[in-house]
1. Can you go through Leu337, Leu326 and tell me which one is modelled with pLDDT of 90 or more, out of contact with any Gly (no Cβ under 6 Å at 6 or more places or on another chain), surrounded by fewer than 16 Cβ atoms within 10 Å (Cβ to Cβ) and under 30 Å from Gly270 (Cβ atoms)?
2. Would you mention how many residues in the range 1-26 are exposed (fewer than 14 other Cβ atoms within 10 Å of the Cβ), over 22 Å from the mean Cα position of the chain (by Cα) and part of a loop (DSSP other than H, G, I, E, B)?
3. Out of everything in the range 94-114 that is of a type in the set (A, V, I, L, M, F, W, C) and either buried (at least 20 other Cβ atoms within 10 Å of the Cβ) or under 16 Å from Ile59 (Cβ atoms) (or both), what residue ends up being nearest to the chain's Cα centre (by Cα)?
4. Collect the residues in the range 74-131 that are more than 22 Å from Ile144 (Cβ to Cβ) and either touching a His at 6+ places or on another chain (Cβ under 8 Å) or of a type in the set (Ser, Thr, Tyr) (or both), keeping them in residue-number order.
5. Can you tell me which residue among Tyr388, Tyr415 is out of contact with any strand residue (DSSP E or B) (no Cβ under 8 Å at 6 or more places or on another chain) and part of a loop (DSSP other than H, G, I, E, B)?
6. If you take the residues in the range 215-234 that are surrounded by 13 or more Cβ atoms within 10 Å (Cβ to Cβ) and either at positive phi or part of a loop (DSSP other than H, G, I, E, B) (or both), which one is modelled with the lowest pLDDT?
7. In the range 129-174, which residues are over 17 Å from the mean Cα position of the chain (by Cα), of a type in the set (Val, Ile, Thr) and closer than 15 Å to Asn198 by Cα?
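The values are calculated or read from the model by the stated rules, or taken from the named source; none is laboratory data. As the structure is a prediction and not an experimental result, all values here were calculated from the model. FYI the Cβ positions are ideal-geometry reconstructions off the backbone, even for glycines, and counts take in every protein chain you see.
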Amino acid sequence: MQQPLAYRMRPRNLDEVVGQQHLVGPGKIIRRMVEAEMLSSMILYGPPGTGKTSIASAIAGSTQYAFRILNAATDTKKDLQIVAEEARMSGTVILLLDEVHRLDKTKQDFLLPHLESGRIILIGATTENPYITINPAIRSRTQIFEVKPLQEADIQKAIRLALADKERGLGEYPVELDENALLHLSRGTNGDLRSSLNALELATRSTPKSEDGIIHLTLEIIEECLQRKALTHGKDGDAHYDVISAFQKSIRGSDVDAALHYLGRLVEAGDLPIICRRLMVIGYEDIGLANPAAAARTVNAVLAAERLGLPEARIPLADTVVDLCLSPKSNSAYVALDAAIGDIRENGAGDVPDHLRDSHYKGAKSLGRGIDYQYPHNFENAWVDQEYLPEQFRQSRYYQPKSTGKYEQALGQQYQRIQNWKKNGKK
């Protein structure tokens, strides 16, 4: 039986890795390790299909070391012993250990001395946060690198390479991939290249040639092979972003029915990561200080949705959309920050006042650092009149409170009270 396309197209060296340039690009950490022949054990963590195994394969292909793949959950201590024996005989073996977070104590205890000696270079792969799920004994002997979801351009590049490669890919097939079908392959899997390539192969092998001798892969065919609908069949390919934009603007405009409509379209398309990210942006960008509790509830709902997965994830998502739609709205905080950033870019940063500077080192007082600083908690209402801004910004005012929610109304009242204290002297 032929191996899947995603397996066959695994990179043979670092130059063939698609995406993850923050790790394998020129001058980046993993490439430097390989080029300097100073490989050390590492853990790669990130979503499925984003290149963890590909990076391990590319590392092995860029060295003279043997490369072995095991699974921490299903392979046994005996399997590890075989790898260790091979390492003893040949010098060094690169071991890709999938689901490394499921490594039990017996296997871990066996593996540790081999990591210490460098005979086995472990590349652990996991979708879980290693700072939480990986045993400290393993974690302390490895470097931890995050593998990020692939961008559309990365997936499209990999698809084109697979279609052109006659040795490992689908280059022997006369395939014509519609532009909208390519867009859906690159968007519909949420950065999972493995799913995109395997859907492409299924479509190619299961679609008969047309009368012109060409295998025409349309959007409808790719939708069926991915088992995921595209948002629309628009010719310009912008519908994906149009729906996301309409989703946020409907919530911002407090139109519950429209927001639920666009949420439904995103759910049907299976775009759970996009929905979750957009809702958190909305919670803090559009609701903000008018209702901070709603923003906090959004984060909890997103965590629940990510853990549940679709279709059940739609339940906390629906609750959140209704909550955010009908909540008071305020963008005052981030608008204020943008104003401050604009001021800094235009006028420079300015010097921190001497009385605010760090004074926790020998000689600070002789430099005038921290002298005359007044500790606000020693004063009534935890406030004392002293300057905090650099001199050229003393008259700058960025925050403009809104009155669309009780919480920000209270903040606004306190803000104005402090401004009055500054102007008139606190009484």
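1. After applying the criteria, what remains is Leu326.
2. 4
3. Val100
4. Those that are more than 22 Å from Ile144 (Cβ to Cβ) and either touching a His at 6+ places or on another chain (Cβ under 8 Å) or of a type in the set (Ser, Thr, Tyr) (or both): Thr74, Thr76, Ala84, Ala87, Ser90, Thr106.
5. On inspection, the qualifying residue turns out to be Tyr388.
6. Restricting to residues being surrounded by 13 or more Cβ atoms within 10 Å (Cβ to Cβ) and either at positive phi or part of a loop (DSSP other than H, G, I, E, B) (or both), the top hit is His233.
7. Scanning the range 129-174 gives a single hit, Ile159.
Table: residues versus (1) among the polar types (S, T, N, Q); (2) part of a helix (DSSP H, G or I); (3) touching a Pro at 6+ places or on another chain (Cβ under 6 Å).
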site: Arg32; (1), (2), (3): no, yes, no
site: Ile43; (1), (2), (3): no, no, yes
site: Thr50; (1), (2), (3): yes, no, yes
site: Ala58; (1), (2), (3): no, yes, yes
site: Thr74; (1), (2), (3): yes, no, no
